[in-house]
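> Here it is, the structure in full.
Please treat every number below as a calculation from the coordinates, not as lab data. Keep in mind that what you see is a predicted model, and the values were worked out from it rather than measured. Don't worry about glycine lacking a Cβ; one is built from the backbone with ideal geometry, like all the others, and counts go over all protein chains shown.
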Amino acid sequence: MKKDGRRGKWLGYILSVLWLFSMGLSGFFFPYFTDNIEFFKIKALHIEGLKAIPSEIVVDEIKKFKNNWLFIDSTTLLKNLNSRTGNSVSSVKIDRVFSSRGVELKIFIEERKPIITVIKDDIVYFFDKDGTVFQSQYMKIAKPLVYTHDIELIKKNFSKLDMLIELTGGNLGEIYITNLNTVAYTEDGLKITMPPIFLLDKRVVEKLTNVFKVYNIDMNTKELDLNMEGLVIIRGGKVK
């Protein structure tokens, strides 16, 4: 009885090992097996949504899947594209269309759209409307240009910077941001000196914008100084 029990036990061990081994082999060989079947090859590739990123980059990443539509997924493709393009893709959607020719792949790509360009130590960063920072050699420089010594200062105070740009009517060409102050230049060359970005609030900025709305600033005005109390000092020119 004991021998039969031991035999059954060893037989169970052997069958378990054989089952695990067979599963391992199937998992190992299955991708290579499907790569050689014509049915799993992509017959046509449609790419939509690209504006700045070259389509060749997407094609190149698809080729890394050996043109096998079965193993291509949007999460992995998004990760790989962002690795190539500096996080400049916000989403990827993949549709598989079964046609008489075979499987066609439709890829919908949404690129991040820069609303400001930040320059730190001659390195260019972009921020989209959600405050996501990314880098891309394919994007065009977006104004305003923001110069800073600390990119984290922009990340932490992006909403305030966005508010400043919006309330000033998008007329800012360059902005210099430090821990000491915020200095902006309009497209016309008017210099505006303000408190540090992290101290600015809507009330203070609205006081500045009211100067443009309520008063007719003389074209010869060179500078505007804004303090935390909302007092605006006009330097040069005259108020009509």
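> Mind putting a number on the dipole of segment 39-111 about its Cα centre? Charges go on the C-beta only, +1 for Lys and Arg and -1 for Asp and Glu, and I need it in Debye to the nearest 20.
Here segment 39-111 has a charge dipole of around 300 debye.
> Do you know the relative contact order of segment 148-235, to the nearest whole percent, from alpha carbon pairs under 8 angstrom that are 6+ apart? Could the numbers behind the result be given before it?
Working: 126 pairs, mean separation 20.2, N = 88.
Here the relative contact order equals 23 percent.
> Using the Cα centre as the reference, give the magnitude of the dipole from point charges on the C-beta atoms of segment 148-235 (Lys, Arg: +1; Asp, Glu: -1; all else neutral), rounded to the nearest 20 debye. Kindly include the intermediate steps, with their values, before the conclusion.
Details: 10 positive and 13 negative charges, 37 e Å.
Magnitude of the dipole: close to 180 debye.
> Quote the FRET efficiency, to the nearest 0.05, computed for I123 versus R96 with a Förster distance R0 of 41 Å and r equal to the Cβ-Cβ distance.
On the way: r = 40 Å, r/R0 = 0.96.
The formula returns an efficiency of 0.55 here.
> Here's something else I'd like to know. Arrange the peptides 100-106, 170-176 so that the one whose residues have, on average, the most other Cβ atoms within 10 Å appears first.
Details: 100-106: 13.6, 170-176: 16.7.
Those peptides, ordered most packed to least, come out 170-176, 100-106.
> Taking all pairs of distinct Cα atoms, average 1/r, flip it, and tell me the Kirkwood hydrodynamic radius of segment 148-235 in Å to one decimal place. It would help to have the intermediate numbers written out before the result.
On the way: mean 1/r = 0.0766 Å⁻¹.
Taking the inverse mean of 1/r over all distinct Cα pairs, segment 148-235 comes out at 13.0 Å.
> Something else: Long-range amide H contacts for E111: which residues qualify at under 5 Å (H placed 1.01 Å from N, peptide plane, sequence gap of 5 or more or a different chain)?
Those qualifying (amide H under 5 Å, at least 5 residues apart or on another chain) are S90.
> Looking at L78, S99, S55, which one has the Cα that reaches farthest to the positive end of the dipole of segment 39-111 (charges on Cβ: Lys, Arg +1; Asp, Glu -1)?
S99
> For segment 50-107, what relative contact order do you get, as a whole percent, if you take Cα pairs closer than 8 Å and at least 6 residues apart? Don't jump to the answer; show the numbers that get you there.
Numbers: 45 pairs, mean separation 14.5, N = 58.
Dividing the mean separation by the residue count of segment 50-107 yields 25 percent.
> Using unit Cβ charges (K, R positive; D, E negative) and no other charged atoms, how large, in debye to the nearest 20, is the dipole of segment 132-172 about its Cα centre? Working shown, then result.
Numbers: 5 positive and 4 negative charges, 17 e Å.
Approximately 80 debye in magnitude.
> Give the residue from S88, L161, G131 lying farthest towards the positive end of the charge dipole for segment 83-240; charges sit on Cβ (+1 for Lys and Arg, -1 for Asp and Glu) and the dipole is referred to the Cα centre.
S88
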